[in-house]
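Report on one structure; see the data block that follows.
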Amino acid sequence: MTRSGHGSIPPAFVRLAGHPLRWRLLTELADSDYRVRELVTRVGQPQNLISYHLRLLRDGGLVTATRSSFDGRDSYYHLDLDRCADALRDSAAALHPALHPQAAPPVPSDDQLSPRISVLFVCTGNSVRSPIAEALLRHHTAGRVTVTSAGSRPKPRLHPETVRVLREEFDIDVSGQRPRHLDTVAGHRFDRVITLCDKAREVCPEFSHHPRRAHWSIPEPSTAGDSGPAGYPPFERTAAEINTRIRHLLPVLAAPSHQEAPL
């Protein structure tokens, strides 16, 4: 029975998310991408149980897994927040047609974001993923957030397709930007540090002021230095994924708890 009303079967999202352990996994993955062993530690349940419930969440389309670029035997789990938003809207409509949740994360207003909020994005080369994230967060907040990016082993220059994808897809010009080393921001204070590269996550230093940490496991769009039409689509997909994550980060930065204890 699929129609709404008394006695109907709850929507799939409600059945999946309604389990206490699966809800806990969803809330953990809403903050950061994690490996199974990290979720075991954070949730305090056996690995076989965590793996079982992760499989159910993956089968339900709420969670995806990507192979770690640092250790190919490992995988990072990622919560698809857009899919969750769609499922929540469908679940609300199944309960009553008058329920209309917002279709997308709201963009914080001027008085919700302050330049005092500071975010650092980190990847290895600081030539693709972290500068894309830096540019998009600055773009979406109109400079209302202090945002920086750096790399553990920075490349001599930004990848040409990084410059191209930001210009063509978002009308952002970063042609004058150069990669920077993590050492150059070591003394700065950040509210959040977000790694976008599995390798960089392993070597990203701790900061003395203990900013909130999160990891976005996003593969390098190109292992070759070639540019051109054949190499452009992976950069489009990478920029789109980062843009989605940035959109979901905005209301988090606007929340009063954005400077609470680190993750």
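The values are calculated or read from the model by the stated rules, or taken from the named source; none is laboratory data. Keep in mind that this is a model prediction, so the values were computed, not measured. So basically every Cβ, Gly included, is an ideal-geometry build from the backbone, and we count neighbours across all protein chains shown. Ligands, DNA and RNA are stripped out before the accessible areas are found, and what is left, the full protein with its side chains, is counted by its heavy atoms. Shrake-Rupley method; radii C 1.70, N 1.55, O 1.52, S 1.80 Å.
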In this structure, is Arg180 of a type in the set (D, E, K, R), farther than 16 Å from His215 by Cβ and touching a helix residue (DSSP H, G or I) at 6+ places or on another chain (Cβ under 9 Å)? no
Just one of the numbered conditions (1) at pLDDT 95 or above; (2) in a helix (DSSP H, G or I) is not true of Pro154; which one? (2)
Could you go through the stretch 86-107 and let me know if any residue there is within 23 Å of Ile242 (Cα to Cα) and among the β-branched types (Val, Ile, Thr). yes
Among residues of the stretch 128-147, those that are in contact with a Lys or Arg (Cβ under 8 Å, 6 or more places away or on another chain) and more than 18 Å from Arg247 (Cβ to Cβ), counted: 1
Out of Thr148, Thr195, Thr141, report the one residue that is more than 19 Å from Arg213 (Cα to Cα) and within 21 Å of the chain's Cα centre (by Cα). Thr141
With the requirement that a residue be at pLDDT 85 or above, over 20 Å from Glu168 (Cα atoms) and not charged (D, E, K, R), what does the stretch 210-224 give you? His210, Pro211, Ala214, His215, Trp216, Ser217, Ile218, Pro219
Pull out all pairs, ordered by first then second residue, where Cβ-Cβ is under 6 Å, the residues are six or more apart or on different chains, the first lies in the stretch 34-55 and is under 23 Å from Arg201 (Cα atoms), and the second is among the basic types (Lys, Arg) and surrounded by 12 or more Cβ atoms within 10 Å (Cβ to Cβ). Val43/Arg24
Do the conditions hold for Arg178, that is, is it open to solvent by 20 Å² or more (accessible area, probe 1.4 Å), at pLDDT 95 or above, not β-branched (Val, Ile, Thr) and not in a loop (DSSP other than H, G, I, E, B)? no
I need the full set of residues from the stretch 56-78 which are surrounded by 15 or more Cβ atoms within 10 Å (Cβ to Cβ), under 23 Å from Glu202 (Cβ atoms) and of a type in the set (Gly, Ala, Ser), in order please. Ala65, Ser68, Ser69, Ser75
Which one is modelled with the lowest pLDDT, of the residues in the stretch 225-259 that are open to solvent by less than 50 Å² (accessible area, probe 1.4 Å) and not in a helix (DSSP H, G or I)? Gly228
Considering residues that are under 18 Å from Arg237 (Cβ atoms) and either open to solvent by less than 10 Å² (accessible area, probe 1.4 Å) or in contact with a strand residue (DSSP E or B) (Cβ under 6 Å, 6 or more places away or on another chain) (or both), the number found within the stretch 136-159 is 1
Flag if Phe70 is more than 27 Å from Ile194 (Cα to Cα), touching a residue at least 40 places away in the same chain (Cβ under 8 Å) and touching a helix residue (DSSP H, G or I) at 6+ places or on another chain (Cβ under 8 Å): no
